[in-house]
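Heads up, the thing below is written out as structure tokens.
The values are calculated or read from the model by the stated rules, or taken from the named source; none is laboratory data. Just so it is clear, the structure is predicted and the values come from calculations on it, not from any experiment. Please note: Cβ atoms are built from the backbone with ideal geometry, for glycine as well, and neighbour counts cover all protein chains shown. Accessible surface is based on the protein model in full, side chains and every heavy atom, while ligands, DNA and RNA are left aside. Shrake-Rupley method; radii C 1.70, N 1.55, O 1.52, S 1.80 Å.
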Amino acid sequence: MIGSAGCHKGSMPPFLMAAQAAGCHVSQLVHIGDSISKDLLGALRCGARCVLLTRPTHPLPRADAEVALTPPADGAWWGEAAGLGEASSLIEGWDAAPSPLASPEGPGTAWVAAGKPVPWE
């Protein structure tokens with residue numbers, strides 16, 4: 001459980017509460033985490049961008065079932081980074097690009113187009 005959000009990590013309330021606390025729309029958030037199911041999919045489910053930390057020097061063991069949840073690469077909505085330096089560069093690139101919300105496509109569009117079930121709905 002996440003303290004003040006009163007729910008589990010990866011669910012929508014923590015992301016919505018973070019946006020409210022920051023005084024912004026959830027689409028303006030960038031979440032950084034190392035879990036596919038809780039961090040990456042949780043952020044995408046809410047419409048936030050996400051950086052998935054891979055930490056090659058200290059890899060997090062991931063079960064095959066979790067790896068299978070990885071959505072297709074979508075550089076407008078999420079990316080992988082080996083550390084915070086790479087994450088910062090990725091975020092700077094997003095800052096320089098138009099918002100993906102300017103198009104009718106949202107997070108997971110490629111996933112749906114591939115005919116896969118959407119695990120964040």
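What to note about this one:
Yes/no matrix, rows are residues, columns are (1) touching a helix residue (DSSP H, G or I) at 6+ places or on another chain (Cβ under 7 Å); (2) touching a residue at least 12 places away in the same chain (Cβ under 8 Å):
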| residue | (1), (2) |
| --- | --- |
| K9 | yes, yes |
| Q20 | no, no |
| I32 | yes, yes |
| R55 | no, yes |
| A82 | no, yes |
| S89 | no, no |
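- The single condition among (1) touching a Gly at 6+ places or on another chain (Cβ under 7 Å); (2) under 23 Å from A96 (Cβ atoms) that L41 does not satisfy is (2).
- Residue under evaluation L60, criteria (1) aliphatic (A, V, I, L, M); (2) over 20 Å from S11 (Cα atoms); (3) at pLDDT 85 or above, criterion not met: (3)
- Among the residues of the range 25-74, the ones that are among the hydrophobic types (A, V, I, L, M, F, W, C), assigned to a loop (DSSP other than H, G, I, E, B) and open to solvent by less than 50 Å² (accessible area, probe 1.4 Å) come to 2 in all.
- Residues considered: G85, G79. Of these, the only one that is assigned to a strand (DSSP E or B), farther than 18 Å from A19 by Cα and modelled with pLDDT of 90 or more is G79.
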